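This report refers to the structure that appears directly beneath it.
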Amino acid sequence: MCLAFSASTSLLCSGGRDGDAMLWGNLGRPVCGRLRGHRSAVACCDFSSDGSFVATGGYDHAVCLWNTTTFTVVSTLRRHQAPVTKVRVAGEGTVVVTGDDDGLVLVS
């Protein structure tokens, strides 16, 4: 459902309908890690500028911020009332901007 590439780490993140996001190594190498935290499809993803974090947004109305080294959730935001379809990470992960199907934009 979504793809994002980190130029600084050469990681690729893909989000799926099963609610998982996957981190892939450089040039499509096997999966580095499976990110499990959403209850439904992952609709969007974006990396921090240094590649140490990736944010995912889903149809479960949640936004998860993940550590790309440990594959663990750093933070989960549940402030949306509609599917989260846009996510952007500013800088090194200190600011996350999200948007949902109802047109609500949140800065966290």
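All of the numbers you see were taken from the coordinates with simple rules; none came from a lab. None of the values given here were measured: they were computed from a predicted structure. Positions of Cβ are backbone-derived with ideal geometry, glycine not excepted, and every protein chain shown enters the neighbour counts.
Below is a table of values for the structure above.
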read-out: Cβ-placed point charges (K, R +1; D, E -1), dipole of the chain about Cα centre in debye, nearest 20; value: 200 debye
read-out: Segment 1-87: trypsin sites (Lys or Arg not before Pro) falling in loop per DSSP and having at most 11 other Cβ within 10 Å; value: ARG17, ARG39, ARG78
read-out: Top of ALA55, ALA90, ALA41 by mean-square fluctuation, Gaussian network on the chain, Cα under 10 Å; value: ALA90
read-out: Difference of contour (0.36 nm per residue) and Cα-Cα distance, PHE71 to ASP50; value: 6.0 nm
read-out: Neighbourhood net charge (14 Å Cβ-Cβ; Lys/Arg +1, Asp/Glu -1) for ALA41; value: -2
read-out: For segment 1-61 versus segment 78-98, the gap between their alpha-carbon centres in whole angstrom; value: 14 Å
read-out: Cβ-based net charge around PHE53, under 11 Å, with every Lys or Arg adding one and every Asp or Glu removing one; value: -3
read-out: Correct option for Kirkwood radius over Cα pairs in Å [calculated from the coordinates] among (i) 15.9; (ii) 13.2; (iii) 18.6; value: (ii)
read-out: Difference of contour (0.36 nm per residue) and Cα-Cα distance, VAL95 to MET22; value: 24.1 nm
read-out: Residues with amide H under 5 Å from that of ALA62, placed H, sequence gap 5 or more; value: VAL84
read-out: Calculated FRET value between ARG79 and SER40, using beta carbons and R₀ = 22 Å, to 0.05; value: 0.85
